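Let me begin by presenting the structure, written as structure tokens, before commenting on it.
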Protein chains: 2
Amino acid sequence: MKNFLARLFGKKNDMNIDITIIGTGNMGRALATRSIAAGKSLQVLARSTETAATFAAELGTGIASGNTAEVPAGRIVVLALPFDAAKEYVAAQGSALDSKILVDITNPVDFATFDSLTTPAGSSAAEEISALTSATVVKAFNTTFAGPLTSGSADGKPLDVFVAGEESARSEVAAFVIAAGMRPLEVGGLHHARELEGFQLLVMAMQVNPALPDFNWGTALTIVG
Amino acid sequence: MKNFLARLFGKKNDMNIDITIIGTGNMGRALATRSIAAGKSLQVLARSTETAATFAAELGTGIASGNTAEVPAGRIVVLALPFDAAKEYVAAQGSALDSKILVDITNPVDFATFDSLTTPAGSSAAEEISALTSATVVKAFNTTFAGPLTSGSADGKPLDVFVAGEESARSEVAAFVIAAGMRPLEVGGLHHARELEGFQLLVMAMQVNPALPDFNWGTALTIVG
């Protein structure tokens, strides 16, 4: 079955891939949708080859797939994983990721309370991931929920995507954001992931706050005016 | 001249005052404008009695004024001052503020670089101010620039005002925000001022970023959807 699906839907990874997405959850799906809208060649990787192949087939035709033991083919590799899984993946890959831009979308939130981060003050998930790899880590998409990200818009306007990281890599991610129909807002070096993750803690807590019944994982953090 | 202006425009502070605004800058003016729109009785205090009286007269009729040596009359006292001046004021007032709700609107940004805060990681301007007083400190209006705050709207919608602090005091400030035609978004205890101040560092840096020529202190941080 794995091989059948891989033959049917998968593509070899030696083709020219722009973007690899690791993970098949809601965020991976939303980012895949935006990547396809941007006209990017796409690879999706999951722990299970079959899961990845099925996911690729659901996304459309011509989507490469494979499992996370493979070296990702894309120049940009999006870690569409929870924080702990992202760290585990990056650590396991070792030097295989060295030439990549790794996009960290995670929010290291204590989901039991929605009141604190699991990273210490003066750090961030992005910096912790960066410490595990020689790849260039860029923080992006941590303030965009899957729903708005799927459409790339919020309130009828291109979605704002905050991007932090080393300038050259950040610019590549920003170019992708533009190609995908959204607005990149570059906020500086990777240490500014601290502020992006910190504020998103507040925004996520709003989604589970009974006093804000209209906030239900469909909002978007936006700068207007 | 001082006495003449005080007689002409000032009011005694023994009247029932809802809100005292400390400071006569752009933020003080915007908050005064919103207070008046909310139908609140207002007092403005400045270092100079004359400056305060002139400011009060510019705002309209029936605005009380005085200098910062006086005990503020309002239940809610807005520190419309830079961070260092706010700390100095609160420290100098001592126990005179004990029964008040102090609204801290400051952003402890390193204005030389717009790349870091002047407060240490794991702290905030609001918490530093709170440590100087027995008054209840609420963080609010640090993400609203004076322009949008003057109108109370951004992009044709009520302006979002993020509010952090102890629940009862926070609710009083939120009620004022609603009365003033804006949308309060309560984000929890005062320690969440960290995230509000952190993110606003990024937003302020955008205003001076040549790559974002449309961002010129007129934007508003908003949650849509």
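Distance cut-off 30 Å, Cα to Cα: go down the list A:Lys139/B:Lys100; B:Lys40/B:Lys87; B:Lys40/B:Lys139; A:Lys40/A:Lys87; A:Lys40/A:Lys139 and report the pairs above it. Those over the limit are A:Lys139/B:Lys100. Computed from point charges on the beta carbon alone (+1 for Lys and Arg, -1 for Asp and Glu), the dipole magnitude for the protein assembly as shown about its Cα centre is near 880 Debye.
Each other residue within a Cβ distance under 13 Å of B:Val77 adds +1 if Lys or Arg and -1 if Asp or Glu, for a net charge of -2. What separates the B:Ser168 label point from its copies, with the point 7 Å along Cα to Cβ, is 5.9 nm, written shortest first. Seen against the Cα atoms of chain B and their longest principal axis, helix B:83-93 is set at about 40 degrees.
Of all beta bridges that DSSP places with both ends in chain A, some 25 percent have antiparallel geometry. Summary for A:Asp98: label point 7 Å along Cα→Cβ; distances to the equivalent points in the other copies, ascending, 6.6 nm. Per-residue mean of foreign Cβ neighbours for A:52-65 is 0 (Cβ atoms of other chains, 10 Å radius).
Think of each Lys and Arg Cβ as +1 and each Asp and Glu Cβ as -1; about the Cα centre, that makes the dipole of the stretch A:1-153 roughly 600 debye.
The Rg/Rh ratio of the protein assembly as shown, with both radii computed over alpha carbons and Rh defined as the Kirkwood radius, is 1.06. Peptide B:86-96 shows a mean partner chain C-beta count of 0 within 10 Å per residue C-beta.
Distance between Cα centroids, the stretch B:171-225 to the stretch B:38-98: provide it in whole Å. Here the two parts' Cα centres lie 23 Å apart.
Note on chain B: Cα-Cα pairs beyond 22 Å make up 48% of the total pair count. Shown for A:Ala112: label points 7 Å from Cα along the beta-carbon vector, and their distances to the equivalent points in the other copies, 4.3 nm in ascending order. The residues neighbouring A:Gly188, those whose beta-carbon lies less than 12 Å from its own, together hold a net charge of -2 under the Lys/Arg +1, Asp/Glu -1 convention. In terms of other Cβ atoms within 10 Å, A:Ser65, B:Ser95, B:Ser116 run from fewest to most in the order B:Ser95, B:Ser116, A:Ser65. Between helix A:26-37 and chain A there is an angle of about 70 degrees, using the helix long axis and the longest principal axis of the Cα atoms.
Taking Lys and Arg as +1 and Asp and Glu as -1, the other residues whose beta-carbon sits under 13 Å from that of B:Leu159 total +1.
Just so you know, all these numbers are worked out from the coordinates, no wet-lab data involved. Please read these numbers as outputs of a predicted model, since none were measured by experiment. Cβ sites come from the backbone with ideal geometry, for glycine too, and all protein chains shown count toward neighbours.
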